[in-house]
Each structure stands twice: as structure tokens, then as C-alpha cells.
1. For the range 46-61, how many residues meet the condition of being among the hydrophobic types (A, V, I, L, M, F, W, C) and over 12 Å from Ala101 (Cα atoms)?
2. Select, from Arg169, Arg153, Arg162, Arg197, the only residue that is assigned to a helix (DSSP H, G or I), surrounded by fewer than 12 Cβ atoms within 10 Å (Cβ to Cβ) and at pLDDT 75 or above.
3. Within the range 104-116, does at least one residue satisfy the condition of being of a type in the set (S, T, N, Q), in the same structural domain as Asp33 (by TED's automatic domain parsing), modelled with pLDDT of 90 or more and part of a helix (DSSP H, G or I)?
4. Pairs needed: first member in the range 60-71, touching a residue at least 40 places away in the same chain (Cβ under 8 Å); second member anywhere, aromatic (Phe, Trp, Tyr); C-beta distance under 8 Å; at least 6 residues apart or different chains.
5. Filter the range 172-194 for residues that are outside any helix (DSSP H, G or I) and among the charged types (D, E, K, R) and give the result.
6. Please go through the range 176-194 and give me each residue that is surrounded by 13 or more Cβ atoms within 10 Å (Cβ to Cβ) and more than 14 Å from Arg162 (Cα to Cα), ordered by number.
Amino acid sequence: MASHFYPLPIHTTGIVTVTSPPEPSADLSFRLDDLVRRVQAGDASGMLDLYEYILAGLRPYLARQLRPQDYRDKIHNIFVDVVVAIQRGQLRDPERLMGFARTIARRKVSVYIDAAASVRRNQVEIGSLFGIASPGATPEQEMVSQEETALVRITLARLAEREAEILSRFYLLEQTETQIRAEMKLTHTQYRLLKWRSKAHFEQMSRKQMASRHLQVLCANSSH
């Protein structure tokens, strides 16, 4: 379906293809007015044209800011927000449509970056928890290692049996994928899914356990 409003570099009439001249600003303004009017009316073609318009205008910015797997979701979210705003009459000047969409995009990207940073700060790295203190570790490092070992044991005991088994085999026994798959009778896909799910559960439960310990320490300190 050909766009009704945003750049139309080529027009096709019959079997002859003619390259369009640059669009004058007055014509672009008319097209944006028409686009906004159609979106306000709930016109299906207007919705499609708006999506294409936003996609073309924001693609470079979002591609730089987001992971590929999040890119399409954010485009859709921005599109929905713009549609809602237009239908509520919040966009008073159609010529500011792209600027309006960019403002929404910047806000969403800011929230996305803050959320990703928060996840990284709160992430419990499973590999480090399974680590063993080096022979030359200080008493303080050995104490931390002992606390982490206790945390690992408590968390593993709370996991499902298969989840605890695959993590123990991989991190504690340091078995290879081939050996784990053979002994646990897993296909490659089953191995990847089980290991991924087990790590996610382990890290989630570890965070809760660490938060609980921190709360206990605070309560003990406040009682003195």
C-alpha cells in the first residue's frame, strides 16, 4: 500500500515510472494535516501511514539507543502513544507531529536505560557466587567466600531438582555441555532452555536471600 503522506519518491502511472520532484513545505503541511485528521477519525489507512511515518523518522535514533530485540516493541509503543494523543486532541499543530513523536521516544528511551541500569545493579552474577576463594585470599575474602557458599547451598536447595542439578554440574563439577546433556538425557534445545531458566530462578532467589540477610543485619543493629 503506497503511503499517502510521507515521502513519495516515486509515482507509478500505468507502466511508466516517474520520479517526483521534492515536496514543497506547504504540500507537506497539507499532508500532515490530512494525516492527523484521518488518525483522529480512526481511519485504518491513516493509522498505517502514521506508523510508517514514525518508523521512518525515528528508526536511526532508536536503532542507536536500543537493543535490536527491543526496537520494534518501542516503535509500537510510541505509535500507540501518538495515536492516543492525537485522538485526545493533544497535538494542536500537525506540523509538529514528528517533534511530538521524538519527545515521546526520548522519554521512553530514558526509562528504558534507567530500567536496564537498575537490573544490572541488582543482578546477582551466578558465576561469581559459585567461585572459590583463591589460595592467597585474605581472611576477609575467605569470610565472604564462605558466606557466598552458604548462600549457594541454600538457594540450590530451594530450586527444582533438575534446575539444581544442571547448575551444580555446570558450575560446581565443571562438566561440559556434552557430558551434562548425555547424563541428564537432554537435547541441545532442552539443555539451553533448562540452563537459562535455572540461572534466572537462581539469581532471583539469591537476590531475595541477600535482601533478607541485609534486613536481618539492619534489625540486629537497630536493637543494640
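The values are calculated or read from the model by the stated rules, or taken from the named source; none is laboratory data. These figures come from a predicted structure and were not determined experimentally. No Cβ is skipped: glycine too gets one built from the backbone with ideal geometry, and neighbour counts run over all protein chains shown.
1. Residues that pass the stated criteria total 2.
2. After ruling out the rest, the residue left standing is Arg153.
3. no
4. Leu62/Tyr71; Gln65/Tyr112; Leu66/Tyr112; Asp70/Tyr112
5. Glu174, Lys185
6. Glu177, Gln179, listed by residue number.
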